[in-house]
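Below is one structure, written out as structure tokens; comments come after it.
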Amino acid sequence: MLPTNKQQMSPLHYGVDIGGTKIEIGIFTPALKMLKNWRVSTPTSNYDDFLEAIHQLIRKADTWCEQVGTIGIGMPGIIDRADKVKSANVPCATGKFIVKDLQNLIGRTITVANDCRLFALSECYGGAGNNQEVVYGAIIGTGAGGGLCINGKLLKTVNNIAGEYGHVAASGMLLERYNLPVRACGCGLVGCIESYIAGPGLGWLYKFFGAKNESTTEFVEQLRMNNPIAQKTFTCYMDLLGSSFAALVLSYDPDVIVVGGGLSKINEIIDNLSDFIEQHLFDGVSSPKIRKAEYGDASGVRGAAILGKQNALA
Ligand SMILES: [Zn+2]
């Protein structure tokens, strides 16, 4: 389909967010206002069905917009330098070349990136990291992942892995300080910081220090009632998180760290993070600004739409 003059003046941008259970498409204006979105279930066991589900969403968007939007896609897992996928959440895509396969099917240019990296891109583009030169976006939710943006662009690197802070080993000094065991991680390594600081890790710490269960909701309630087990859990948790983020400061020296994901909704974590980061930095180095994400759950489609938009302008 040839673009009309109207389309050339105001192209729309599609962001596709692929999760382990749902695929969402959002249609965005050039100013990134979302006009419309749809969701479908993710086919995770059959690759052809998976590709077709994305294809159908894009066709639906084209029909709705009466034009051909740019396409950016975010998905969990690793999309390596050859665009080969490794994704625990979408097993049928593992080992496949998703960009080539989708472009063959849909006949348009498609850009794909890791969903945590796109969270960072979304926040640095009109979000909590707007107008900042170096923005690190960190998600603390079911897992721990992130991404780095410099001058409004996602850092593109050899393995497309920059920002994957959850799978750096937890500080041995802190494991010893709190008598914590070295835990196995889903990635195949042991002792990854994600095992302690993501949502399930926080629940595990709470029980480790003496609680009856691993409920993070109960942990927050008890913390606010000054329960000693919750307080001990909090100090240990923040020490681990502060140490992990101090390593990010020494590696990337960002202007701002934007924090998203379920645990970013716990104000005590956000409010105390700078102090705990500084406990792990030597004299003369200070914590960057810590900000809560502005776009939350909308970051997936929004970040993907920005990626497609930037690629079209490149
Ligand atoms: Zn790991």
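No value in this document is a laboratory result; all are computed from the given coordinates. For clarity, every value in this text was computed on a predicted model and none was experimentally measured. Quick reminder, even Gly has a Cβ in these numbers, built from the backbone with ideal geometry, and neighbours come from all protein chains shown.
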Cross-link list Lys33/Lys153; Lys96/Lys292; Lys33/Lys289: which exceed 24 angstrom alpha carbon to alpha carbon? Lys96/Lys292; Lys33/Lys289
Between Thr21 and Thr235, what is the label-point separation in nm under the 7 Å Cα-to-beta-carbon projection? 3.7 nm
Helix runs (DSSP H) in the chain reaching 15 Å along axis by Cα, Kyte-Doolittle at least 0.0: 228-252, 299-313
Charges at C-beta only: +1 for Lys and Arg, -1 for Asp and Glu. How large is the resulting dipole of region 130-293 about its Cα centre, in Debye rounded to 20? 360 debye
Nearest-20 debye value, the chain charge dipole, Cβ charges on Lys, Arg, Asp, Glu: 700 debye
Separation in nanometres of the label points that stand 7 Å from Cα toward Cβ, at Arg81 and Ser41: 4.0 nm
Expected output is a single nm value to one decimal: the length gained when fully extending between Asn179 and Ile270, i.e. 0.36 nm times separation in residues minus the C-alpha distance. What is it? 30.2 nm
What Kirkwood hydrodynamic radius, in Å, does the chain give when the mean of 1/r is taken over all pairs of distinct Cα atoms and then inverted? 20.3 Å
If Lys and Arg each add +1 and Asp and Glu each add -1, what is the summed charge of the other residues whose beta carbon sits under 12 Å from the beta carbon of Ala120? 0
